[in-house]
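Below is one structure, written out as structure tokens, with a few remarks after it.
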């Protein structure tokens, strides 16, 4: 049996199919944006209280949304069990030393669970396991950390010191005003011509004398500069003539070295000459002794002088 549809029925059916496909496509797009089709891993944490946390609250890691809270319930020992799920892609970063802290936004927004990273060497927490919790700090905890009472005592002490200082400043006979009065008295005396400084300032004679002394000092300095210039000129002349003088000295030293070498050679020949002279003298003495012994000459030789004799008295 064939069923025939009218044109109106076909148009209505086509419209319904179009709406269905649009709904399915929108659901798929929304699901992808909400990550409905990605796998999640569940964990839980135990807290002392709920801190206004509600199901559907965000779960964040490094300020990035990675999941949401699925269930909040009370345990038998009056604790709050918070169950949440995170994307499976981030489960490998949740370690045994990780922490799950409930944090509040700065101004607006709802509380959320913040996962604090652990060390890379720690073991992974298995799916469905417990992540150690970190309790949220209260205002009293922050005040205790700041030690506000001690700081207020320090502020009171500082205010007391400031009050003492202002009282001393207000005292006309105190240190500051006393010093200012003394400075005023000294400057007034100088202006009136009192004291050495006042007399110098008020009298032109001392000023003229000082200026005259300064002019004399200028003259002395001019002479010193002139003498320094002459000294520099003489030094330049000496420096200019120094190479010539050094050349002459070098020539003289060369001649002295030559004479020294000649003397040294002559001194080496002196022992041989003296030895030859001694030998000649011995030969002469032998010849004279031979001549003296000749009978012809011995009789004609003059008598030898008698040796001197000293008596006992002389020797005494």
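Conditions tested, residue by residue: (1) over 47 Å from the mean Cα position of the chain (by Cα); (2) loosely packed, with under 13 Cβ neighbours inside 10 Å.
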site: 68; (1), (2): yes, no
site: 74; (1), (2): yes, yes
site: 80; (1), (2): yes, no
site: 95; (1), (2): no, no
site: 98; (1), (2): no, no
site: 103; (1), (2): no, no
site: 115; (1), (2): no, no
site: 120; (1), (2): no, yes
site: 127; (1), (2): yes, no
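Kindly establish whether residue 159 is modelled with pLDDT of 75 or more, exposed (fewer than 14 other Cβ atoms within 10 Å of the Cβ), more than 23 Å from residue 46 (Cα to Cα) and not assigned by TED's automatic domain parsing to the domain that holds residue 52.
yes
Here's a check for you: in the range 1-55, which residue that is within 30 Å of residue 80 (Cβ to Cβ) and modelled with pLDDT under 75 is farthest from the chain's Cα centre (by Cα)?
So the residue we want is 36.
Check 165, 102 and return the single one that is on the phi < 0 side of the Ramachandran plot, at pLDDT 75 or above and part of a helix (DSSP H, G or I).
165
What's the total number of residues in the range 110-156 that are part of a loop (DSSP other than H, G, I, E, B) and at pLDDT below 80?
Within the range 110-156, residues that are part of a loop (DSSP other than H, G, I, E, B) and at pLDDT below 80 number 3.
What is the one condition in (1) in contact (Cβ under 8 Å) with a residue 40 or more places away in the chain; (2) in contact with a strand residue (DSSP E or B) (Cβ under 8 Å, 6 or more places away or on another chain) that residue 92 does not satisfy?
(1)
The values are calculated or read from the model by the stated rules, or taken from the named source; none is laboratory data. Everything numeric in this text was worked out from a predicted model, so none of it was measured. Cβ atoms come from the backbone with ideal geometry, glycine included; neighbour counts cover every protein chain shown.
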